[in-house]
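The values are calculated or read from the model by the stated rules, or taken from the named source; none is laboratory data. None of these values were measured; they are calculated from a predicted model. Neighbour counts run over all protein chains shown; Cβ positions are idealised from the backbone, glycine included.
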Amino acid sequence: MIALGSAPRATLPALPPALVALLAIVFLVVYLRLVMYFIEDLYQPERRVAGGDKAVWLVIIVFGSVIGILAYLLIGREN
């Protein structure tokens with residue numbers, strides 16, 4: 001008799017630690033560059049933002065992670 005939930009699980013092969021570290025560094029560099037781009041965009045003299053307070057949007061971009069970047073991109077920028 002087979003018990004419920006006892007199906008064999010597929011396992012992924014272990015990645016070498018050097019590859020994991022390299023991927024982490026690449027993702028970190030890409031993320032930091034995105035943050036820098038949106039901070040540069042935020043402080044363009046002609047840029048208008050929702051609510052008018054660029055300092056609030058700076059905090060949202062920096063501390064909001066990907067959600068903060070998306071919020072600024074979709075909500076914060078006024079064209």
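What are the residues in region 49-79 that are touching a strand residue (DSSP E or B) at 6+ places or on another chain (Cβ under 7 Å) and either in a helix (DSSP H, G or I) or basic (Lys, Arg) (or both), if any?
If the condition is that a residue be touching a strand residue (DSSP E or B) at 6+ places or on another chain (Cβ under 7 Å) and either in a helix (DSSP H, G or I) or basic (Lys, Arg) (or both), then 57, 76, 77 are the ones that fit.
Being touching a Phe, Trp or Tyr at 6+ places or on another chain (Cβ under 7 Å) and surrounded by 15 or more Cβ atoms within 10 Å (Cβ to Cβ) is true for just one of 58, 42. Which residue is that?
42
Is region 17-28 home to any residue that is out of contact with any Leu (no Cβ under 9 Å at 6 or more places or on another chain) and either at pLDDT below 90 or among the charged types (D, E, K, R) (or both)?
no
For region 8-28, indicate whether the set of residues that are among the charged types (D, E, K, R) and either assigned to a helix (DSSP H, G or I) or surrounded by 11 or more Cβ atoms within 10 Å (Cβ to Cβ) (or both) is non-empty.
No: zero hits.
Does any residue of region 32-43 turn out to be outside any helix (DSSP H, G or I) and modelled with pLDDT of 90 or more?
Within region 32-43, one or more residues are outside any helix (DSSP H, G or I) and modelled with pLDDT of 90 or more.
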